[in-house]
Structures are given as C-alpha cells and as structure tokens.
Amino acid sequence: LEAVRAVEPRIADAIAQELHDQRESLKLIASENYASPAVLLAMGNWLSDKYAEGTIGRRFYAGCQNIDTVESVAVEHAKALFGAPYAYVQPHSGIDANLVAYWAVLADRIEAPALAKVGKRNVNDMTDAEWAELRAAFGNQRMLGMSLDAGGHLTHGFRPNISGKMFDQRSYGVDPATGQIDYAALRETAREFKPLIIVGGYSAYPRKVNFRIMREIADEVGATFMVDMAHFAGLVAGKVFTGDFDPVPHAHIVTTTTHKSLRGPRGGAVLCQPELADQVDRGCPMVLGGPLGHVMAAKALAFAEARQPEFADYAQRIVDNSQALAEGLVKRGATVVSGGTDNHLVLIDVDKYGLTGRQAEQALLDSGIVTNRNAIPQDPNGAWYTSGIRVGTPALTTRGLGTAEMDQIAELMHTVLSQTKAGASKAKFDLDPALADRISKQATELLSAFPL
Ligand code: PLP
C-alpha cells in the first residue's frame, strides 16, 4: 500500500477504508463475496500490461504466449467445473458476457443464414444492399426474459440497457399466489410471441428454476435457450443445483459472472454447446476489447478453488444460511417473497413494515447492515424506491458464519426494520440513532469471531 500512498494518498486511504468497512459491517449484498488472497493477488501484476486481442493461439499481437497459457488454464478449469463442452473466459463483466452471448446467437441464427442465402462467407463480402437487409434483421428479433419485478436483470431485454434497444422484449413473471415462476404462463407467452431467444436466470428470485422445462418450451417454439447464472453460479459449481436445476446441460448457452457466489474476480464467462463455440469466440473484437490477462489468471484460480471438495460444502452452507435467515425473519413477523428461499438470497417485503426499500436500506446501513433495495413482484413503489430488501449469504458464509449467527442477524434486522418509522417522503425515515449505534456495535461484535 505504501507504493500506492506515495502516488496518491487518497487512493491508499480508500483501499484501507474499504477493507475496514468490509471487515466491520454485515455484508449481506447478494451479489458480493470475499475473494481469496490468491485470486486478489493474481490481479495485481504484469499480465495486466499485455495486449492479446483474439483467441488462444490466434492473436492479433505478438508475444502472447503467457496470456495463452493463462486463458487455456482458465478454460480447462471452467469446462471441468461446470461439465461444459466449451468455455470462453474473456468477458470483462456479466453485462459483457451477455452481450457476447446475444451476438453469438444473432450471428448463428440471423447472420449465418443471411450469408448462406447470398452465397458469401464473410459480411465484408456482402453488397451494401445485402448488408442493409441483414442489419435491419438484427434489430427485428424477439427475446423473452424474466420481468424486472419478478427478479430479472436489466440485460435481459430492458430498455435502459442495450439489450432492450436490440430486441423486442416480452417478460414472463411469477404467479402472484406463490411468488414462483408460472411455467404454464411462460409456455403460453412463448407460443404466442415466438421469441428468437428465451433467457432464464435472475438477480433477485429466491427459488430454484427448472431449466429442463424451460428448454422444452424453447424447443417447442424454436428459440435458443440462454441462461444467465451470474447469481447462482457458485451453487451450480458446488453441485447444490443439479439435474433439472443445473442450467449447463439444458441451455444452448450459459453466461455468468465470476465474482458473486462463485467467489472469483470481477468478470464474466460464457459456456456453450459446441455449435455456438465459433460465434462465441468472436466476442473479442465483436463486443469486447483486449482480454484482461490478470483477471483471466484470477478466474483460473477461482475455478480451480471451486473444484475443491470444500467448495461444495461452502455452496451448501450458503443455502443453509439463507434458509436460516429467511426462517429467522419470518418467525419474527417479516414477510419474505415466495415464503422462503432455495438459493443464496432472501427478498424481504418491507412494505409490511410500512417502509419503502429506500428507507429500509438506509436504516439498515446506519445500523451496520449492508443490503440493497430491490423491487418485489407487482411492486407498488417502482424500481427506484421499491418495496423490497434483497439479502444474500455468500459473503458471510465465506467468513464462516453459520445458521446460529443467521438467526442473530434476523433479530438485528427485524429490530431495525420494526423500529424505523416512515418519514415525509419515500426516502425519509426516523430511527433512533442510539438504537442504530447499538445494532451496529452488535454486528461488529458478531463478526469479531469470524476475522477476515
Ligand atoms: N446478470 C445478472 C443476472 C446479474 O445479476 C448481473 C449483476 O448484478 C449481471 C448480469 C451484470 O454483471 P456485471 O455487473 O459484472 O456486469
């Protein structure tokens, strides 16, 4: 840190403060974790300085032999970890992984037939008229993804994201009575809408998803089935989600982040069936710049770590903890979406405490509990204020907390939420600062037995 401090002390201070904050507060953000020292260290070195556009053994720059090694090892571990026929580890983030996947599908389903129709191998050989027709066809495709309030992600075809500008999107949601995916309704929508792509996966859905049924629906309507397992990749890697609930054998293409439940560096990856491999390989330079060699090195380590037997135990403990947290909240009077959880996250309906998600998020933060507000199904407060709080257990499980501690955390959260009073606006609230301070100290005390 001294080398950093010598250049800009404010950056050194921010790094040190971040470590302090992550040590002292209850990190319950469902998409966060604590990467291992090996993973963190693999990102701070000279691999970062190397340009290596292209793919393994086929680069647009000279001298890429070490990046070739790093990328090959990462691919080998990713394939073995997930039992996938093909892996691409260059995406810099989850959004990038999804962009690679969407363009791979468009290249496979729209571009390749258009090239065949005009008898050409490469888009550069097309006439201007042929190219204009193809470009129009790209912008005229349909996607079916999970609605945002049911837990879908912006990259699944929503207007603020490029995916919503690329695709004509329609959503599937959850059954209001159960809070769980209504597969019959999904099938009906797919039959009527006839999407090119059906997207499975979520950011804020607390249940298992039956990917076998979703693939069946995709096959019935001729759609390519993609799953974005960014949130639950650690549960797939740790074999908590198997059979119908493991997306890899069912989907044509799977995307993930590497930094959430999977506990690696910030980044993304794509797994696919062999027929899509060539198109996925064109991710760089189609939508990605030069790959980040240092991050691919860290991904290789994270995949290797996840192949160890301890990781399966970790993945099971994530789910045990999230179920204990949900039970602890419910028995104290909280309402959680769908009544419980099968995965790493719990969605609390804070409307039942008379609060918006925004008020609850800040009241919890003032009390040393870091969460994020999140829309719930049919949310009356919209996507900004929301009526939900999303909590997840991957990070605290890494620190070693177990089900007994989750019950204590449920008590702390319920105390804060039930003592917070809504204020004059959807962002304002009243919470006794002495209570917030007391809860914050209890949170730090609880964590002191689980050092980072
Ligand atoms: N996909 C899903 C399901 C996510 O939840 C997220 C992030 O939260 C992403 C993609 C985007 O990941 P990133 O922030 O790495 O771009």
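Every number in this text was worked out from the coordinates using simple rules, so none of it is lab data. Only a predicted model underlies this, so the values are computations on that prediction, with no experimental measurement involved. Cβ coordinates were reconstructed from backbone atoms using ideal geometry, including for glycine residues, and neighbour counts include every protein chain displayed.
For the chain, rounded, prolate or oblate, judged on the Cα gyration tensor with a ≥ b ≥ c (square roots of eigenvalues), a/c < 1.5 rounded, else prolate if a/b > b/c? Cα axes put the chain in the oblate bin.
Taking amide hydrogens as placed 1.01 Å from N in the peptide plane, the amide H of residue 227 sits under 5 Å from those of 200, 253, 254, 255, each at least 5 positions away in sequence or on another chain. By the compact-protein rule of thumb, 2.2 N^0.38 Å, the alpha-carbon radius of gyration of region 353-452 corresponds to a ratio of 1.10. Each Lys and Arg adds +1 at its Cβ and each Asp and Glu adds -1 at its Cβ; summed about the Cα centre, region 346-433 shows a dipole of about 280 debye.
Assuming charge only on the beta carbon of Lys and Arg (+1) and of Asp and Glu (-1), the dipole of region 124-200 about its Cα centre is about 160 debye to the nearest 20. Once the Cα atoms are used to define both axes, helix 309-331 deviates from the longest principal axis of the chain by about 50 degrees.
Look at the dipole of region 176-232 built from charges on Cβ: of 177, 199, 222, the Cα furthest out on the positive end belongs to 177. Summarising the amide proton neighbourhood of residue 180: residues at separation of 5 or more, or on other chains, whose placed amide H is nearer than 5 Å comprise 175.
Taking the 0 to 90 degree range and rounding to the nearest ten, how far is the long axis of helix 293-306 tilted relative to the main principal axis of the chain, both from C-alpha atoms? With rounding to tens, the tilt is 60 degrees.
Provide the packing ranking of 420-430, 33-43, i.e. peptides ordered by the mean count of other C-beta atoms within 10 Å per residue, highest first.
On the way: 420-430: 15.1, 33-43: 18.1.
Per-residue Cβ counts within 10 Å, averaged per peptide and sorted highest first, yield 33-43, 420-430.
State the three equivalent ellipsoid semi-axes of region 1-103, derived from the C-alpha gyration tensor as the square roots of 5 times its eigenvalues, in descending order and whole Å.
Those come to 31, 21, 13 Å.
Partner lysines whose Cα lies under 16 Å from the Cα of residue 79, excluding those fewer than 8 positions away in the same chain, are identified as 239, 299. For region 407-413, putting each phi into the Karplus relation 6.51 cos²θ - 1.76 cosθ + 1.60 with θ = phi - 60° gives couplings of 5, 5, 5, 4, 5, 4, 5 Hz, in residue order, rounded to whole numbers and with x for Gly and Pro.
Report the Stokes-Einstein translational diffusion coefficient (µm² s⁻¹, integer) for region 137-287, Rh taken as the Kirkwood radius over Cα pairs, at 25 °C with viscosity 0.890 mPa s. Intermediate values should be presented prior to the final figure.
Working: Rh = 15.7 Å.
In µm²/s, the coefficient is 157.
Coupling constants for region 241-249 follow from the phi torsions by the Karplus curve (6.51 cos²θ - 1.76 cosθ + 1.60, θ = phi - 60°), and in residue order they are 9, 10, x, 4, 9, 8, x, 4, x Hz; glycine and proline get x. Each part reduced to its alpha carbon centroid, region 72-112 and region 296-313 end up 18 Å apart.
A helix-only calculation puts the chain at -13500 deg cm²/dmol for mean residue ellipticity at 222 nm, using -39500 (n - 2.57) for each DSSP H run of at least four residues, averaged over all residues. With the charge dipole of the chain set up from +1 on Lys and Arg Cβ and -1 on Asp and Glu Cβ about the Cα centre, the Cα lying farthest toward the positive end among the listed residues 136, 3, 389 is that of 136. Nearest 10 degrees, 0 to 90: what angle lies between the long axis of helix 128-138 and the longest principal axis of the chain (Cα atoms)? Roughly 30 degrees, rounded to the nearest 10. Computed from backbone phi, the HN-Hα couplings of region 268-282 come to x, 7, 10, 10, 7, 6, x, 5, 9, 4, 4, 6, 5, 4, 7 Hz, rounded to whole numbers (Karplus: 6.51 cos²θ - 1.76 cosθ + 1.60, θ = phi - 60°; Gly and Pro given as x). Please list, in chain and number order, the residues 5+ apart from residue 429 or on another chain whose amide H is under 5 Å from its amide H, with Hs placed from the backbone. Amide H neighbours of residue 429, under 5 Å, 5+ apart: 423. Select from 82, 153, 333 the residue farthest towards the positive end of the dipole of the chain; place +1 on Cβ of Lys and Arg, -1 on Cβ of Asp and Glu, and compute about the Cα centre. Projecting each Cα onto the dipole axis, the largest value belongs to 153. Taking a Cβ cut-off of under 14 Å around residue 314, the surrounding Lys, Arg, Asp and Glu residues balance to a net charge of +2, with basic ones at +1 and acidic ones at -1. Computed about the Cα centre, the dipole magnitude for the chain is approximately 300 debye when only Lys and Arg (+1) and Asp and Glu (-1) carry charge, each at its Cβ.
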